[in-house]
1. With respect to TYR434, is the statement that it is under 20 Å from the mean Cα position of the chain (by Cα), more than 16 Å from the ligand (Cβ to nearest atom), at pLDDT 95 or above and in the same structural domain as GLU341 (by TED's automatic domain parsing) true?
2. If you go through segment 298-321 one residue at a time, do you hit one that is within 16 Å of ILE405 (Cβ to Cβ), in contact with a Lys or Arg (Cβ under 8 Å, 6 or more places away or on another chain) and not acidic (Asp, Glu)?
3. For segment 255-361, which strands (runs of 3 or more DSSP E) that fit wholly inside it have 3 or more residues that are closer than 30 Å to GLY25 by Cβ?
4. Specify which of the listed residues (SER134, SER173, SER188) is hydroxyl-bearing (Ser, Thr, Tyr) and out of contact with any Phe, Trp or Tyr (no Cβ under 8 Å at 6 or more places or on another chain).
5. Can you tell me which of (1) under 14 Å from the mean Cα position of the chain (by Cα); (2) over 19 Å from ARG120 (Cα atoms) is the one PHE275 doesn't meet?
6. In segment 210-226, how many residues are over 12 Å from the mean Cα position of the chain (by Cα) and part of a strand (DSSP E or B)?
7. Does VAL238 count as assigned by TED's automatic domain parsing to the domain that holds GLN301, within 13 Å of the ligand (Cβ to nearest atom) and out of contact with any Cys (no Cβ under 7 Å at 6 or more places or on another chain)?
8. Checking GLU440 against (1) in contact with a Lys or Arg (Cβ under 8 Å, 6 or more places away or on another chain); (2) buried (at least 18 other Cβ atoms within 10 Å of the Cβ); (3) part of a helix (DSSP H, G or I): exactly one of these is not met. Which one?
Amino acid sequence: MIKKLLIANRGEIALRIMSAAKELGIKTVMVYSEPDKNSMPVQLADEAHCIGPAQPSESYLNIPAIMTAAELSGADAIHPGYGFLSENPRFAEIVESSGLIYVGPKPEHIKLMGDKQLARGTMESLGVPILPGSNGVVKRIGDARRTASKIGYPIILKAVAGGGGRGMRIINSSAELEESFNTAQRESYMAFGSPELYIEKYIERAHHVEVQVIGDGTKAISIGDRECSMQRRHQKIVEEAPSPFISQATRKKMLETVEKAAMHLKVRSLITFEFLVDDKEDFYFIEANTRIQVEHAVTEQVNWLDLVKEQLLIASGKGFSFVKEGINHRGHAIEARINAEDPRTFSPSPGKIQFLFIPGGNGIRVDTAVFQGYEVSPYYDSMLAKVISYGRTRDEALKKLETAINHTSIVGVKTNLPLLLSLIKSPEFKSGNYTTRFLEEEFNW
Ligand code: MV4
């Protein structure tokens, strides 16, 4: 079993990982940047090491500093959380080649899924449906033209090294293709150090549904799906499990297809497979994330699991603690992300939290690391808390969430609470049939 875990992250996910570790009797080591010195995870850990100043590049992304802290503390494992180094295959390799346990997927799978075109091709070869598009990288404008006229417009150009909505460009007609292609290549080179692009048929109105997979390196299980269509600029703000949109038949097909592929790859730890689902409930793989995700909690609530504990058990060589037949989602969970931002312009709102109240209660889980007096730093993302409601039905979870959000009070920084409340109360959200366009293009409040 892992004895001492270094948590290479901050905020609510650092605390979340710490709780799971403590439950398993694992000692915890925090690394932190200068402004995080008095943060809750640093105060609650068994041991903490400063790894640099506020800028992530100098601290939470500083691999030599983190490895030095691991060495000094005698940690035998590292959990990267989400963001920062969580999908950096080089980091995973360095951790493993230093003789430490990396709590996450195999470095080869992080690398594979980081190449979005290779991921697409690999999933196709494993029987997972993908959108019509290019085979491999599109190197020249001529290849782009041929692919586009074969599949028809609109198309979307995506950066091979992109992902999560970064480095994408929609093209509506052949007239736009040449200029867009050249610009996209340049932009991709600037942003990711690689100009490589691939093409997919563009789906205008889609649901974003993702499947949580867990593996022990030998066998893999699909745990369940999450509806993640409520997004703005690729930042999710409300997620739910299970998806209220897809039918039981679609769910079964989706989970089985993914499970077969994950089983074949022999995935380890947690991987999430993202799909676009159209109005006919046809689903298409778009990309995979090789980390614990922000929205993992909704899957935990409806499946009575602790995914971080499972990650630690797997990393310790003990495998996960359940069998496929034991997985049966029950009830419904909805997560709302409270961010320190202007609810209309979405611009970040750093500053000191003067007053904070987030209610708990029956069917409410709050994952957070902030408190009254906490200084929200402009250096890090603006998420303050996740409020997760769960109930026997979607309607029950919805009402519990509405009350919890309505009774929450945060003073000192602007928050998206007003937006969350109107979203949850909107007829579109209540109907459970909303697409990725809803928040940005259809919601008026
Ligand atoms: C797409 C798409 C439509 N057609 N691919 C955005 C995030 C990244 N994972 C992929 N994304 C999209 N890929 C094709 N072929 C639309 C999106 C997309 C989107 C996807 C999921 C959730 C929200 C979104 C918002 C805008 C666009």
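1. no
2. Yes, there is a match, as at least one residue in segment 298-321 is within 16 Å of ILE405 (Cβ to Cβ), in contact with a Lys or Arg (Cβ under 8 Å, 6 or more places away or on another chain) and not acidic (Asp, Glu).
3. Working: elements: 268-277, 283-289, 332-339, 355-357.
In segment 255-361, 268-277 are the strands (runs of 3 or more DSSP E) which contain 3 or more residues that are closer than 30 Å to GLY25 by Cβ.
4. Working: SER134 fails: out of contact with any Phe, Trp or Tyr (no Cβ under 8 Å at 6 or more places or on another chain); SER173 fails: out of contact with any Phe, Trp or Tyr (no Cβ under 8 Å at 6 or more places or on another chain).
None of the others qualify; the one that does is SER188.
5. It is condition (2) that PHE275 fails.
6. So in segment 210-226, the residues over 12 Å from the mean Cα position of the chain (by Cα) come out as 213-225.
When the remaining residues are screened for being part of a strand (DSSP E or B), the result is 213-216, 220-225.
The qualifying residues number 10.
7. Numbers: assigned by TED's automatic domain parsing to the domain that holds GLN301: yes; within 13 Å of the ligand (Cβ to nearest atom): yes; out of contact with any Cys (no Cβ under 7 Å at 6 or more places or on another chain): yes.
Considered against the rule, which asks whether it is assigned by TED's automatic domain parsing to the domain that holds GLN301, within 13 Å of the ligand (Cβ to nearest atom) and out of contact with any Cys (no Cβ under 7 Å at 6 or more places or on another chain), VAL238 comes out as yes.
8. (2)
The values are calculated or read from the model by the stated rules, or taken from the named source; none is laboratory data. The structure displayed is predicted, hence computed values, not measured ones. Neighbour counts are summed over all protein chains in view; Cβ atoms, including those assigned to glycine, are modelled from backbone coordinates with ideal geometry.
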